[in-house]
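Below is one structure, written out as structure tokens; the observations come after it.
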Amino acid sequence: MGKRGIEKFMKEEFFIKQFKNKFIGDDGAIVDLKRCNIIASDSFFEDIHFKKEWMDLDEISYKASLVNISDMIVMNSKIKYTILNVGFPDMSLSDIKKLADGFKKAANEYGYKIIGGDTIKNEKIAISITMIGESKRAIKRKAKVDEYVAFTGSLGSVSKDLKRLLRGKKINKNSKFIKPILRDKFFYKASKYITAACDISDGLFKELERISKVSNVGYRFIKNIDKITGCSGEEYEILFTFSKKHLKAIKNIAKITRTKITIFAITKRGKYKNICKENHF
């Protein structure tokens with residue numbers, strides 16, 4: 001093994017050591033999966049989902065984690081374990097540690113263990129995360145006819161911030177583009193009343209189309225949703241449907257958890273077509 005090969009091996013070993021726990025060390029992690037029934041996987045790639053000059057390394061890994069956590073939340077799953085696959089370019093040990101810090105921060109906040117994965121030398125940062133979780137009642141994207149359709153939080157700011165970044169401007173470090181706001185407290189409490197749900201990763205209108213295809217429903221809009229709001233991607237707010245009889249309960253949970261919700265449509269028989277372009281740049 002040449003000098004470069006040894007250096008590469010040492011850096012990969014250094015990255016792995018940042019996640020030292022009882023699960024890491026063998027060729028595979030031995031875990032009890034009797035109660036784990038939800039698995040989700042997602043990727044986060046440089047120049048597709050972000051540019052390195054837009055975010056610090058720990059912000060990149062933290063957001064990559066939140067993107068995956070968001071998927072687990074909307075399926076009403078509590079995360080138990082995570083497997084990381086990371087490709088990174090030539091980086092200093094301090095930069096590698098900073099990248100690892102974002103993964104650890106998310107794991108600490110949401111109470112799961114990073115149990116393994118792989119690292120590889122790559123021209124750009126490439127992150128692939130698989131999460132394993134537990135759900136007593138998994139929520140899918142299948143809605144029913146004559147249900148309310150709602151989303152959490154506010155939509156549109158991420159699209160505006162992305163446009164600023166693409167013009168070479170700076171954005172606030174608290175922007176949802178950098179730090180998505182996950183609505184886990186609201187969703188876990190409201191889950192028993194929710195029929196269908198998904199996170200708004202590719203824009204509200206695109207997610208409505210996805211639910212429409214699975215459920216064979218269209219929508220009667222009771223509030224106007226403009227194109228900026230409906231097409232803004234990477235919001236990671238929650239789109240969900242629920243029976244009209246649960247309106248009071250949903251509003252009460254939103255109030256208790258201080259979560260803004262917007263009820264904007266009612267499902268009906270029919271189809272719905274997304275009008276937005278792809279959000280990735």
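Annotations
- Taking the C-alpha atoms of segment 75-157, convex hull volume expressed per residue in Å³: 169 Å³
- Options (1) 1.00; (2) 0.97; (3) 1.03 - which one matches Rg/Rh (Cα atoms, Kirkwood Rh) as calculated here: (1)
- Computed over segment 187-268, the percent of Cα pairs more than 21 Å apart is 27.
- At full extension, Lys245 and Lys124 could sit 38.6 nm farther apart than now, given 0.36 nm per residue minus the alpha carbon distance.
- Neighbour-limited loop hits for chymotrypsin sites (Phe, Trp or Tyr not before Pro), segment 36-78 (at most 12 other Cβ within 10 Å; DSSP other than H, G, I, E, B): none
- Relative contact order, whole percent, for the chain stands at 23, derived from Cα pairs under 8 Å and 6 or more residues apart.
- The apolar share of the surface of the chain, taken as the fraction of accessible area on carbon and sulfur atoms (1.4 Å probe, ligands and nucleic acids excluded), comes to 50 percent.
- For the chain, the solvent-accessible area works out to 53 Å² per residue, with a probe of 1.4 Å and every protein chain left in place.
- Taking a point 7 Å from the Cα of Arg220 along the Cα-to-Cβ direction, the residues of segment 241-275 with backbone N closer than 13 Å to it are 265-270.
- In range of the label at Lys140: residues from segment 57-94 whose backbone nitrogen is under 19 Å from the point 7 Å along Cα→Cβ: 71-78
- Annotation: for a label point projected 7 angstrom from Cα along Cα→Cβ of Lys179, residues of segment 36-64 with backbone N closer than 12 Å are 59, 63.
- Spherically averaged projected area of the convex hull of Cα atoms, segment 116-267: 11.5 nm².
- Peptide packing: for 172-183, 229-240, 84-95, 189-200, the average count of neighbouring Cβ atoms within 10 Å per residue gives the ranking 229-240, 189-200, 172-183, 84-95, highest mean first.
The values are calculated or read from the model by the stated rules, or taken from the named source; none is laboratory data. Everything numeric here is computed off the predicted structure, so don't read it as measured data. All Cβ positions, glycine included, derive from the backbone under ideal geometry; neighbour counts span all protein chains shown. To get the accessible areas, we keep the full protein, side chains included, count just its heavy atoms, and leave off ligands, DNA and RNA. Shrake-Rupley method; radii C 1.70, N 1.55, O 1.52, S 1.80 Å.
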